[in-house]
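The next block holds one structure in the form of structure tokens; read it before the comments.
The values are calculated or read from the model by the stated rules, or taken from the named source; none is laboratory data. These numbers were taken from a predicted model, which means no experiment stands behind them. Ideal geometry is used to build each Cβ from the backbone, glycine not excepted, and the neighbour counts take in all protein chains shown. Only protein heavy atoms, including side chains, enter the accessible area calculation; ligands, DNA and RNA are left aside. Shrake-Rupley method; radii C 1.70, N 1.55, O 1.52, S 1.80 Å.
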Amino acid sequence: MDATSLPPPGPLRARALLRATDETDDVLGILHLFAQALDQSDLTPDLRAEIHLLRAQWESAALGRVTDAIASFDAAANAGPSLGLLGCAKAGAAYYRFRAGEPLDMPSFDRAIRLSQQ
């Protein structure tokens with residue numbers, strides 16, 4: 001993607017960078033696009049969380065990097081997003097912690113699932 005074809009820095013550029021992830025199969029290139037999107041100024045908490053959640057999906061599914069995925073889910077939750085995105089982030093982190101061998105706190109996981117449905 002040519003930088004001259006992108007909107008000016010900010011949320012619109014972050015959205016354009018996210019759309020660009022659909023145009024490539026290069027997983028490391030996609031992770032770089034996520035990093036560039038997160039570097040944009042004036043991102044809303046929801047947009048910042050959305051980028052972290054998408055990055056977590058790629059880290060876990062495409063690369064099997066569970067620890068990195070957990071960190072991305074945690075970053076999404078810490079971005080201060082709306083309740084639905086917060087629930088997705090917390091549920092994702094709990095699930096991948098469980099996959100990594102930690103016990104699953106079912107009451108917390110159930111609360112996160114309920115939040116994600118808002």
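Using Cα atoms only, what is the angle between the long axis of helix 83-99 and the major principal axis of the chain, expressed in degrees (0 to 90) to the nearest 10?
Approximately 70 degrees, to the nearest 10.
Work out the length of the dipole vector of the range 1-63 about its Cα centre, built from +1 on the beta-carbon of each Lys and Arg and -1 on the beta-carbon of each Asp and Glu, and round it to the nearest 20 debye.
I would put it at about 160 debye.
Between helix 45-61 and the chain, what is the angle of the helix's C-alpha long axis to the longest principal axis, kept within 0 to 90° and rounded to the nearest 10?
For 45-61 against the chain, the angle is about 80 degrees.
What residue among ALA37, PHE109, ALA16 has its Cα farthest toward the positive end of the dipole of the chain, where the charges are +1 on Lys, Arg and -1 on Asp, Glu, each on the Cβ?
So the residue furthest toward the plus end is PHE109.
At 0.36 nm per residue, and after removing the present C-alpha to C-alpha distance, how many nm does the segment from ASP26 to ALA62 gain when stretched out fully?
That pair, ASP26 and ALA62, stretches by 11.9 nm at full extension.
Would you give the gap between the C-alpha center of the range 71-118 and the C-alpha center of the range 1-61, rounded to a whole Å?
Rounded to whole Å, the Cα centres lie 21 Å apart.
With every protein chain kept in place and ligands, DNA and RNA left out, what is the accessible area per residue of the chain? Probe 1.4 Å, answer in Å².
Per residue, the chain has 56 Å² of solvent-accessible surface.
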